[in-house]
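Note sheet for the following structure.
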Amino acid sequence: MAESIEPDLILLDINMPLMTGYEVCRRLKQMQKTRAIPVIFLTANEGLEYEEIGFNVGAVDYISKPFNTAILKARVKTHVDLYRLQSSLQQQVDEQTKEIQKLNHEITYISASIAELKSKETGQHLRRVAEFCYLFCKFLGKDEAECEKIKMAAVLHDIGKVGISDEILNKPSKLDEDEWVVMKTHSMLGYEMLADSEFEMMRLAALIALEHHERWDGEGYPYGKKGEEISLVGRICAVADVFDSLLDKRVYKEPWEEKAVKEYFEMASGTQFDPKIATLLLENFDMFIYTWKALQTGKIAL
């Protein structure tokens with residue numbers, strides 16, 4: 001009943017059938033929805049030892065019977081007023097926390113969009129890859145908070161491209177060997193931009209920026225990490241990044257057909273990509289394609 005009604009205060013006896021008041025109070029304090037509700041013991045049990053137990057299990061006050069009605073009402077009013085004030089303050093804190101989270105999201109997207117100044121397709125690519133990373137996390141059974149954190153971190157996976165020259169970044173033909181060496185530095189540049197942050201999400205973004213071009217077989221860059229030496233988020237982003245890149249039109253290539261993209265991941269599973277993540281993509285390929293198209297048309301907000 002307390003979970004359903006969520007009263008402003010509970011008056012509780014100690015001597016009761018089936019369960020003592022102490023046990024009731026202890027259980028109330030263990031439940032998320034009722035732990036903050038103030039409990040006053042109202043009982044015939046007198047003595048400091050009874051009061052001490054009551055406070056230890058979480059009560060805010062202890063009143064012995066027989067009680068004075070006026071005093072009881074005054075003490076109830078005091079605790080109800082305090083509870084309502086605390087609830088109001090908590091609501092304000094929750095609202096401000098949501099605003100800060102929204103602001104953090106906006107700053108992250110704005111930071112990622114800086115790359116769009118360098119490459120016309122990068123800004124939208126960053127957001128789509130983030131959405132695909134979110135889907136992979138969901139399929140892997142991660143909770144909502146973890147999925148959202150990885151999604152926001154993945155937005156910044158290509159932020160290092162701001163340090164690559166326009167001539168290389170937007171070259172309409174294949175890069176030569178020297179240009180390719182420069183292009184590959186974007187993973188380290190992104191890592192260096194983010195790694196020293198005090199914020200966990202930014203450090204996660206640094207790891208993704210560093211590892212999203214590593215390969216399952218150890219033939220990737222910058223360090224040639226292999227298998228599970230690569231972080232899970234790096235392996236997830238590697239699949240999401242290539243999936244979007246193949247489907248998208250770039251200055252140096254036309255978009256691939258869906259069938260060709262699927263065949264590529266079937267071929268590269270276990271070599272370029274973590275086979276578990278690649279399998280998740282292949283098993284849910286239609287959903288990923290639908291999501292890609294919905295993001296393109298604006299049916300899903302970026």
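Quick notes on this one:
- Selected residue [at pLDDT 90 or above and over 38 Å from the mean Cα position of the chain (by Cα)] from GLY47, GLY58, GLY21: GLY21
- Test: residue in the range 277-292 that is assigned by TED's automatic domain parsing to the domain that holds LEU135, of a type in the set (D, E, K, R), over 26 Å from LEU210 (Cβ atoms) and part of a helix (DSSP H, G or I): yes
- Of the residues making up the range 149-175, those that are more than 16 Å from MET193 (Cβ to Cβ) and charged (D, E, K, R) are LYS149, LYS151, ASP166, GLU167, LYS171, LYS174.
- Selection count where residues are in contact with a strand residue (DSSP E or B) (Cβ under 7 Å, 6 or more places away or on another chain) and either of a type outside the set (Gly, Ala, Ser) or not assigned by TED's automatic domain parsing to the domain that holds MET287 (or both), scope the range 226-247: 1
- Residues of the range 207-229 satisfying the condition of being of a type in the set (A, V, I, L, M, F, W, C) and surrounded by fewer than 23 Cβ atoms within 10 Å (Cβ to Cβ): LEU207
The values are calculated or read from the model by the stated rules, or taken from the named source; none is laboratory data. Note that the structure is predicted; figures quoted are calculated from it, not measured. Cβ coordinates were reconstructed from backbone atoms using ideal geometry, including for glycine residues, and neighbour counts include every protein chain displayed.
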